[in-house]
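Accompanying notes for the structure given below.
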Amino acid sequence: MIKHKQKGEFIIISGTTCAGKGTVIEKLLAKDKNLALSISYTSRAKRDGEVDGVDYHFISRDEFEKRIQKGEFLEYAKVRYGEYFGTAKKDVQKLLETGKDVILEIDVQGAQQIKEMFPETILIFIMAPSMNEVKRRIKARGKETKEQILDRFITAYREINEIPKYNYVVVNDNLDEAVKKVEAILISEKCRVDRIEEIDVENQEEFIHEFIMENDL
């Protein structure tokens, strides 16, 4: 009786450093085959262990700038050291048109760029249970200098201030529970009234008449 729209949902997941958002996304993708991950483009060099087309689409800085001029990106940002990161329009649109729900892991700046263009985008913010836990996780990585640790910590505070711009926030104090919460969000979004394409009311009068006759009303 109710026909839902076939186009997929566009879901953006952001979060503070060391909030475990990448792991949450991995769990979601493993459990739901209708979910697809949007792979970002970058001009930075490929690191050891990274795979082109899996971790990122690696292109040169010149090529990235050419694509910017052509308007091929939904959003992009030039980060420290002059490297670019961005999301290609055609990649996302292709997946959505097939009915796939698309997840994009991105920072708060890029999330707002996309939300302005596509208000129906679902924005979910993943955060650690406390800033003390963020500090502990950053130090436990053992990969950054003191300056880098401080920079990550300050950035985390700035990102938390952006939470009111999101639709949902999930505290990742337990991985399995955090995944369940995000799954519940996606299920509820599928039940929204504006997801309905049409309601079939064909033969409505006939059905009512039959009901009256059958029940001698």
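Can you report the number of residues in the stretch 169-180 which are surrounded by fewer than 18 Cβ atoms within 10 Å (Cβ to Cβ) and within 15 Å of the chain's Cα centre (by Cα)?
First, the residues of the stretch 169-180 that are surrounded by fewer than 18 Cβ atoms within 10 Å (Cβ to Cβ): 169, 171, 173-177, 180.
Narrowing further to those that are within 15 Å of the chain's Cα centre (by Cα): 169.
Qualifying residue count for the region: 1.
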Can you list residue pairs whose Cβ atoms sit under 9 Å apart, with the first residue in the stretch 121-145 being of a type in the set (Gly, Ala, Ser) and the second being assigned to a loop (DSSP other than H, G, I, E, B) and crowded, with 16+ Cβ neighbours inside 10 Å? Count only pairs 6 or more apart in sequence or on different chains. Ala128/Thr16; Ala128/Thr17; Ala128/Cys18; Ala128/Ala19; Ala128/Gly20; Ala128/Asn172; Ala140/Cys18
Hits in the stretch 40-63 - residues which are touching a Ser or Thr at 6+ places or on another chain (Cβ under 9 Å) and surrounded by 16 or more Cβ atoms within 10 Å (Cβ to Cβ): Ser40, Tyr41, Ser43, Tyr56, Phe58, Ile59
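Could you check, for the stretch 68-78, whether at least one of its residues is among the polar types (S, T, N, Q), modelled with pLDDT of 95 or more and surrounded by 19 or more Cβ atoms within 10 Å (Cβ to Cβ)?
Taking the stretch 68-78 and keeping what is among the polar types (S, T, N, Q), we get 69.
Retained after the next criterion (residues that are modelled with pLDDT of 95 or more): 69.
Pick out the ones that are also surrounded by 19 or more Cβ atoms within 10 Å (Cβ to Cβ) and you get none.
Taking every residue of the stretch 68-78 in turn, none turns out to be among the polar types (S, T, N, Q), modelled with pLDDT of 95 or more and surrounded by 19 or more Cβ atoms within 10 Å (Cβ to Cβ).
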For the stretch 31-74, give me the residue count where each residue is outside any loop (DSSP other than H, G, I, E, B) and free of Cβ contacts under 8 Å to residues at least 40 places away in the same chain. 14
Search result, residues across the stretch 86-126 that are more than 13 Å from the chain's Cα centre (by Cα), at pLDDT below 90 and acidic (Asp, Glu): Glu116
Residue hits (the stretch 198-217; among the acidic types (Asp, Glu) and either modelled with pLDDT of 95 or more or surrounded by 11 or more Cβ atoms within 10 Å (Cβ to Cβ) (or both)) are Glu210
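The values are calculated or read from the model by the stated rules, or taken from the named source; none is laboratory data. Note that the structure is a prediction, hence the values are computed from the model and not measured. Using ideal geometry, Cβ is built from the backbone for each residue, glycine included, and neighbour counts are taken over all protein chains shown.
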